[in-house]
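Structure record follows, encoded as structure tokens.
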Amino acid sequence: MSVPQSIGDTAPPPAHVAIIMDGNGRWAKARSLPRIAGHQRGARAVRSAVEAARELGIGYLTLYAFSSENWKRPETEINDLMGLLRLYLQRELADLHRSNVRMRFIGDTSLLPKDIQKLVESATATTSGNTGLNLIVALNYGGRNEILRAAQALAQKARDGEIEPADISVEKFAEQLDTAGIPDPDLMIRTSGEKRLSNFLLWQMAYAELVFLDTLWPDFTKDHLAAAVAEFQGRDRRFGATSA
Ligand code: FPP
């Protein structure tokens, strides 16, 4: 299915879309399948989302693949999710690279299995010169933890005499985050009917438009992304100011 280059003729598409891919477990349960089946279909939906983002001219796509709270899940499910990530990074890298996609990762990846850390490093390095879609995968990511790590890094710099606490600005703080150099999300989509941020990009989403879809993530298609982008384009973004 092809997606139009842009929908509507006024507002540009969002430069950065962030997605909370929720509902894999419910998708599987509704079919009496094991949860991993939902995650497997979820990985397929990731492919559609990436293709659609490229077709729609979106510059940055961030996907919440594994949160710092997901370690609370049963060990078998954690292993299944790590297995899927491993497969995705092994199998998709060549295609993504060919498609000029630049891959980046946010979150504390140092706690991931060593071989996945290697795949993360290799995907980052291999695609670092690409100029197409920026695909950012959040792994062992938690917004509060990211903000805390940034605060610790700045406190250390202040203690070392490298910066004055009073000189810490919004921009300087943002430079310490995992997303340094990446524009804030304009649009956040969460699937499955849940209406929460779940510790995702807390600093960065200060002015993001939020779109909540009832669709479960494994059923997410290119058309869902196009429809969410169209809804975004119809919104009046004021960033605290009055309408024009
Ligand atoms: C939420 O559904 C989904 C996750 C915690 C994992 C998301 C992972 C994937 C989509 C697959 C791998 C990702 C990549 C980038 C290849 P849930 O299990 O919380 O669903 P539920 O709320 O219905 O139980």
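Computed from the coordinates by the stated procedures, all read-outs in this text should not be read as laboratory data. For clarity, every value in this text was computed on a predicted model and none was experimentally measured. Ideal geometry is used to build each Cβ from the backbone, glycine not excepted, and the neighbour counts take in all protein chains shown.
Among residues other than R237 with Cβ under 15 Å from its Cβ, the summed charge is -3 (Lys and Arg +1, Asp and Glu -1). The distance from the alpha carbon centre of the stretch 24-53 to that of the stretch 69-85 is 15 Å, rounded to a whole number.
Its alpha carbons considered, the stretch 16-123 gives a radius of gyration followed by a Dmax of 14.1, 39 Å. Loop-resident trypsin sites (Lys or Arg not before Pro) (DSSP state other than H, G, I, E or B) in the stretch 164-205 with no more than 12 further Cβ atoms inside 10 Å of their Cβ: K195, R196. Less than 5 angstrom separates the built amide H of I20 from those of I189, R190, T191, all sequence-distant by 5 or more or on a different chain.
A straight Cα-to-Cα reach below 23 Å connects K172 with the lysines K157, residues fewer than 8 places away in its own chain not being considered. The mean sequence distance of close C-alpha pairs (under 8 Å, at least 6 residues apart), as a share of the length of the chain, puts its relative contact order at 30 percent.
A simple count of charges around N145, restricted to other residues whose Cβ falls under 15 Å of its Cβ and scoring Lys, Arg +1 and Asp, Glu -1, yields -1.
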